[in-house]
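First up is the structure itself, then whatever we jot down about it.
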Amino acid sequence: MTTLFISDLHLEEARPDITDAFLRFLDERAKTAERLYILGDFFEAWIGDDEYTPLQNQVADALKAVRAGGTELFLMHGNRDFLIGEDFCARVGATLLDDPTVVDLYGTDTLLMHGDSLCTADVEYQKFRASMRNREWQQAFLKRPLAERQLVARQIREISMARNKGKEEFIMDVTADEVVKVMEAHGVQRLIHGHTHRPAVHELQANGRPATRIVLGDWAENIWWLEVAAGQEPQLRSEPLAG
Ligand code: MN
């Protein structure tokens, strides 16, 4: 039995190749897995569960089929798709996870996060994140007409892309001290997250002992996933997108 982790697919109409790769991944790998965790930025944009685009419907149907086959599904919000709601999760049979969440992975407590909250050197982004995660703002936004939400989402994306352009590399990555702090606060020796698009396995010290931080990769050029099985070291794997 294996548990799979993916993140940062950034599914969108402009990248049908990523959608195809995801559908293949479900068919070839997720179908036979015990659980599939999607740790945020699954979709490039999400403005409410009431949108129902052809892409969303296609992905929802595929997830539903995998769930029906017995694979448990878990979704966590990213900074792009933080408005995915309980309706979408119910529709596909997924459980929406808080960020952060600790899960028992075959006997090892493992902290799961999207990863954006670890980038504390980016003060401007953290302020923006706090305002976007405000419940009242979200509820008011979700009540606006779809066309209006689409426009606002596009504007927000343009602003954030313009802001990120001038930022230095280290600012866009996680802050090492924050990683240790969060791992110690949750008493774990293993963290899995995405967001930074810098797939790697990092060894560090937390709680006075060796610890591991596993970073999932984005799907822009290659597909990335983490495979965890009982009694084995987690395997960070990748394949060309085109398969
Ligand atoms: Mn992200």
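Inter-label distance, R198 to L151: 3.9 nm, where each label sits 7 Å from its Cα along the C-beta direction.
Protein heavy-atom surface of the chain, 1.4 angstrom probe: 50% of the accessible area is carbon and sulfur, with nucleic acids and ligands not counted. Of the residues A176, T196, S131, the one whose Cα sits farthest towards the positive end of the charge dipole of segment 111-243 is S131 (charges of +1 on Lys and Arg Cβ, -1 on Asp and Glu Cβ, taken about the Cα centre).
What does the convex hull of the alpha-carbon atoms of segment 1-130 project to on average, in nm²? Before the final figure, lay out each step's value.
Working: hull surface 33.4 nm².
Its average projected convex-hull area is 8.4 nm².
Given a 1.4 Å probe and heavy atoms of the protein chains only, how would you sort S7, S117, S131, largest accessible area at the top?
If we order S7, S117, S131 from most to least accessible, we get S131, S117, S7.
Accessible surface calculations at 1.4 Å, restricted to protein heavy atoms, place the chain at 48 Å² per residue. For the chain, the number of Lys pairs with C-alpha atoms closer than 28 Å, counting only pairs eight or more positions apart or on separate chains, is 7.
Give me the percent of DSSP beta bridges within segment 2-240 that run antiparallel, rounded to the nearest 5.
Working: 22 of 43 bridges.
Here the share of antiparallel DSSP bridges comes out near 50 percent.
Just in segment 142-243: which GluC sites (Glu not before Pro) are loop by DSSP and have at most 15 other Cβ atoms within 10 Å? Of the GluC sites (Glu not before Pro), the ones in loops of segment 142-243 whose Cβ has at most 15 other Cβ atoms within 10 Å are E168, E221. Taking the three principal axes of the alpha carbon atoms in segment 128-222, the coordinate ranges are 51, 31, 25 Å, sorted in descending order.
Efficiency by 1/(1 + (r/R0)^6): what FRET value for E169 and T120, r their Cβ-Cβ distance, R0 = 22 Å, to the nearest 0.05? Could the numbers behind the result be given before it?
Values: r = 15 Å, r/R0 = 0.69.
Efficiency, rounded to the nearest 0.05: 0.90.
The smallest convex shape that holds all Cα atoms of segment 2-240, its convex hull, gives 123 Å³ per residue.
Give a quick list of chymotrypsin sites (Phe, Trp or Tyr not before Pro) in segment 45-78 that DSSP marks as loop, anything other than H, G, I, E or B, with at most 14 other Cβ atoms within 10 Å.
Y52
Can you show me the helix-derived [θ] at 222 nm for the chain, built from DSSP H runs with n ≥ 4 at -39,500 (n - 2.57) apiece and divided by the number of residues, rounded to the nearest 500.
Working: 8 runs with 87 residues, N = 243.
Helices in the chain give a 222 nm mean residue ellipticity of -11000 deg cm²/dmol.
Treat every Asp and Glu Cβ in the chain as -1 and every Lys and Arg Cβ as +1, leave all other atoms uncharged, and give the resulting dipole magnitude about the Cα centre to the nearest 20 debye. Using Cβ point charges on Lys, Arg, Asp and Glu, the chain gives about 320 debye.
The values are calculated or read from the model by the stated rules, or taken from the named source; none is laboratory data. Predicted, not measured: the structure shown is a model, and the values here were computed from it. Note that each Cβ is placed from the backbone with ideal geometry, even for glycine, and that neighbours are counted across all protein chains shown. Just so you know, the surface numbers come from the protein's heavy atoms only, side chains and all, with ligands and any DNA or RNA stripped out. Shrake-Rupley method; radii C 1.70, N 1.55, O 1.52, S 1.80 Å.
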